[in-house]
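Q: Below is a structure I'd like to ask you about.
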Amino acid sequence: MPPRDVLTAIAVAVVWGLTFIAIKIGVAETTPRHPAAAVAPFALLAPIVGMIAGGVVFGEPLDAFELWGAVLVMAGLGVNVFGDQLLRRWLRPAR
């Protein structure tokens, strides 16, 4: 098995590469096609993806506070993205 320092360097290089690809796809490709107000809320997913990746790749445990925090962020993102449509649907007069 390679030394721990080599594995750390490989992990850092992989994270940097994936970050570059995500930024290239997420910012450079979507921002010209969609308004910034529609794209920006999805930046809230970065910590959640990081928590999930840490759990899957490195075996880091997720406690209840982290999971509830992720649920709250996802709920807030859902309200931000779909709130106008849901509000219009609920406030529409009955026919």
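The values are calculated or read from the model by the stated rules, or taken from the named source; none is laboratory data. All figures in this text were calculated on a predicted structure; none of them were measured in a lab. Glycine gets a Cβ as well: all are built from the backbone with ideal geometry, and neighbour counts include every protein chain shown.
Q: Does residue 63 satisfy being modelled with pLDDT under 85, of a type in the set (D, E, K, R) and farther than 16 Å from residue 18 by Cβ? Walk me through how you get there before you give the answer.
A: Working: modelled with pLDDT under 85: no; of a type in the set (D, E, K, R): yes; farther than 16 Å from residue 18 by Cβ: yes.
When the stated conditions are applied, residue 63 does not pass them.
Q: I'd like to check which helices (runs of 4 or more DSSP H) are fully inside the chain and have at least 1 residues that are on the phi < 0 side of the Ramachandran plot and among the hydroxyl-bearing types (Ser, Thr, Tyr).
A: Details: elements: 4-23, 36-39, 45-58, 64-91.
Hits in the chain: 4-23.
Q: Taking the condition among the hydrophobic types (A, V, I, L, M, F, W, C) and modelled with pLDDT of 85 or more, does residue 6 pass? Don't jump to the end; show me each part of the working.
A: Numbers: among the hydrophobic types (A, V, I, L, M, F, W, C): yes; modelled with pLDDT of 85 or more: no.
Answer is no for this residue.
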